[in-house]
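Just below is one structure, and these are the notes that go with it.
The values are calculated or read from the model by the stated rules, or taken from the named source; none is laboratory data. Since this is a predicted model, take the numbers as computed values, not measurements. All Cβ positions, glycine included, derive from the backbone under ideal geometry; neighbour counts span all protein chains shown. Surface areas here come from the heavy atoms of the whole protein model, side chains and all, with no ligands, DNA or RNA. Shrake-Rupley method; radii C 1.70, N 1.55, O 1.52, S 1.80 Å.
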Amino acid sequence: MTSGFQFKPIGDILKERGLISAKDLSEGLEQQKTSGLSLGQIFVNLGCITHEQLLKVLGIQAEMEIVELSGLVITNEVIEKVPGSIARLYNIMPLSFQANTLTVATDSPLNFSIFDDLRFMFNCNIKGKVASHDSIEQVIKKYYKVEAESVDELFFEISRNIPELIDGASQFENIEETASRLPIIKLINMILTQAINRNASDIHFEPFQNDFKIRYRLDGVLYDVISPPKALHLAISSRIKIMANLNIAETRLPQDGRTLVRIAGRMVDLRVSTLPTIFGESVVIRILDKETVQLSLEEVGFEPDTKEKIRELIKRPYGIILSTGPTGCGKTTTQYSALSEINSIEKKIITVEDPVEFDLSGLVQVSVRPKINMTFAVALRHILRQDPDIIMVGEIRDAETVQMAIHASLTGHLVFSTLHTNDAPSVITRLIDMGVEPFLIASAIEAILAQRLLRCICSKCKYEYIPEEESLRDAGISAEDQKGKKFYKGKGCENCNHSGYKGRTGIFELLILNEDIRSLILDKVPISQLREQAVKSGMRTLRDDGLLKVFAGTITLDELVSITSAYV
């Protein structure tokens, strides 16, 4: 069982066996673009096939035997071979152990990383058989007692089984072997599982002089969660680097990598970044959970009128649509949501990114590689020779890239890209500073969308309150505006980690370039005048868009004021 194993697409097998039609296959592939579900599960949900038929096809794909777990008797010797925490984590069930070969039941026969991990952990050959997800869960409950293994218990297990780590006696020569030991793997898996269950977007592993911190970013805010012994830092960072196929011997230079893992039955994309510091490597994992990321304009947080304007804009045949805002404000998610909506067999869509954030079926996606001079500008120049209809440039960083994007738009292509400014009108000034002539800006740009992500009020502990006069004044809300309006906060509960916030939503500022705006750009007027005209032309500022969500009880007044500023 290796990652080089070749298998036939599940859709082709189902179609050949007459279980689905060409129309079913097309509909399933369309749903897969945004759902994050496997194609087989989509067909089950659509009612095209049953779970039993899906299992048979998975077995055919992986050339594995189908096993019925109900009524199967498994010996204690085999059960003791695999800890319950590992069985639950990978959703596997040990069936037998003979001739140094462990046979396990799995519902993910094509997820080769599971077999690689088990081979590392147990130092034996792994053979797979296919069983349903539910049946595996049932036998796990039957054979394993409920375990609530704590981090402290894992630290104790590490100190008992790998004492040289805690004693600081571990040598770098055998760190790869140490990082692949079962207690370290269990610790990393527990950290990942906890982060995913809490909907964290990032995990930070940070070494300091006397301690080692692990923090989760939840709804944009970092929280301390675990402080392992400092001596574990090298083993933990090395294990993460092994997972992401990075060079564990290189600790002097930054590295970037990625890996796809299955955690608690969900496929999760992990982006790993390492950075050398004076006390060791800082490691950050960006979590892209395909089951929680909804690439749809319905889910982004647009007000209805803004959403309709966006839909009109993305159907235009040419021009540039720019998204702007600070790092981590959801620009890429918004642009992919737009691309997902217009993605069709009739259109050739090419993206160039650093790195590719989402794998979206039907798109040709390119990753920049500056070390070999594969920059945004170079990639864009060659993309234009690939006969695209729509292009997405991950970020405009320099004059050459923006000139290429403008050239693409003026030669009949619709171009999406991002830029870093505080609001939509500031993009015009930024482009002029980059050396773009005003007449090119006026000719090529169709619209600019500024955005921010704000924390939503927790629905479980939400309550109505009366804000202080100072808060109202800071938000620019007059006594007249306040009439008939209600304001809400979250008290803090178990559901929201006692923060009062759960989840995030976007606020937006959409500037559509009409004739009045284009004339002002050609006249090189100050940004304040551009902003004034934009508001007159129907642009709702970030603050005003946020106030609609405040009055709707989605976000707090304090959160809005802290993230946005009122223009005076």
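Under 13 Å from the Cα of residue 460, which aspartates and glutamates turn up, not counting those fewer than eight places away in the same chain?
Here the aspartates and glutamates satisfying the reach criterion relative to residue 460 are 494.
DSSP loop GluC sites (Glu not before Pro) in segment 424-498 with at most 15 other Cβ atoms within 10 Å of their Cβ, which ones? All intermediate terms of the calculation are to be shown ahead of the outcome.
Numbers: sites: 446, 464, 468, 469, 470, 480, 494; in loops: 468.
Answer in residue order: 468.
What is the distance in Å between the Cα centroid of segment 496-543 and that of segment 415-489?
Rounded to whole Å, the Cα centres lie 6 Å apart.
Against the longest principal axis of the chain, how steep is helix 304-313, in degrees 0 to 90 to the nearest 10, with axes from Cα atoms?
90 degrees
Evaluate the Debye formula for segment 498-568 with equal point scatterers sitting on the alpha carbons, no solvent, and hand back log10 of I(q)/I(0) at q = 0.16, 0.21, 0.22, 0.29 Å⁻¹, in q order, two decimals.
-0.64, -0.89, -0.94, -1.31
Tell me the angle of helix 182-197 to the major Cα principal axis of the chain, expressed in degrees between 0 and 90 and rounded to the nearest ten.
40 degrees
Put +1 on the Cβ of every Lys and Arg and -1 on every Asp and Glu Cβ in the chain; which of 54, 243, 393 then has its Cα farthest towards the positive end of the dipole?
54
What angle do you read, to the nearest 10 degrees and between 0 and 90, between the alpha-carbon axis of helix 399-410 and the longest principal axis of the chain?
In the chain, helix 399-410 runs at an angle near 80 degrees to the longest axis.
How much of the DSSP bridge set in the chain is antiparallel, in percent, rounded to the nearest 5?
65 percent
What does the net charge come to around residue 493 if you take all other residues with beta carbon closer than 11 Å to its beta carbon, with K and R at +1 and D and E at -1?
It works out to a net charge of +3.
With volume of the Cα convex hull per residue in Å³ defined as stated, name the option among (1) 163; (2) 200; (3) 188 computed from the structure displayed.
Here volume of the Cα convex hull per residue in Å³ agrees with entry (3).
Pairs 309/536; 56/347; 8/56; 483/549; 8/129; 15/315: which exceed 25 Å Cα-Cα?
Going by Cα-Cα distance, 56/347; 15/315 fall outside the 25 Å limit.
Rounded to the nearest 5, what is the percent of antiparallel bridges among the DSSP beta bridges in segment 34-135?
Percentage antiparallel, nearest 5: 45.
As a test question: what accessible area, to the nearest 10 Å², does residue 354 have when a 1.4 Å probe is rolled over all protein chains in place?
Rounded to the nearest 10, the figure is 70 Å².
What do you reckon, how do 409, 443 stack up by accessible area (1.4 Å probe), largest on top?
443, 409
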